[in-house]
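The values are calculated or read from the model by the stated rules, or taken from the named source; none is laboratory data. Everything numeric in this text was worked out from a predicted model, so none of it was measured. Every residue, glycine as well, gets a Cβ built from its backbone with ideal geometry; the counts of neighbours run over all protein chains shown.
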Amino acid sequence: MVGTGESIDIWRDPYIPRFRPRPRGNMRRDGLLVKDLFFPIEKKWDEPKLKELFDVESVEMILKILILTHDKLDKIMWVREAKGNFIVGSSYKVCIGYKRVVGGDSTFKKI
């Protein structure tokens, strides 16, 4: 969940549910945080900056993220559950789903 955006790296951290943003062309500026992508007072995304840094699909996905209107710390949430809490059962379902896609190899027998 995006709060202040001060602790979320735009390339490494999973702030977009089920999606990893891609740079526009070969341009990838490291060291940027989510807080660098929106206007802090208005709590509104800086669309020109997004279009400068990301490909079209990534911009569309980022614009769907709500920015909290009050300053609250960023929070990592498990997007596989409605309440955002990590539970073993949902991670098991993710692994089983992955096993079906990849095939039943010995890796999952070790889990």
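Structure data summary
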| quantity | calculated |
| --- | --- |
| Search result, residues across region 2-32 that are farther than 14 Å from residue 65 by Cβ, among the hydrophobic types (A, V, I, L, M, F, W, C) and either at pLDDT 85 or above or surrounded by 13 or more Cβ atoms within 10 Å (Cβ to Cβ) (or both) | 11, 32 |
| Long-range neighbours under 8 Å by Cβ, at least six apart or interchain, first residue in the same structural domain as residue 65 (by TED's automatic domain parsing) within region 3-22, second in a strand (DSSP E or B) and buried (at least 17 other Cβ atoms within 10 Å of the Cβ) | 5/38; 21/54; 22/54 |
| Residues that are in contact with a strand residue (DSSP E or B) (Cβ under 8 Å, 6 or more places away or on another chain) and under 14 Å from residue 59 (Cβ atoms), drawn from region 1-29 | 10, 21, 22, 23, 24 |
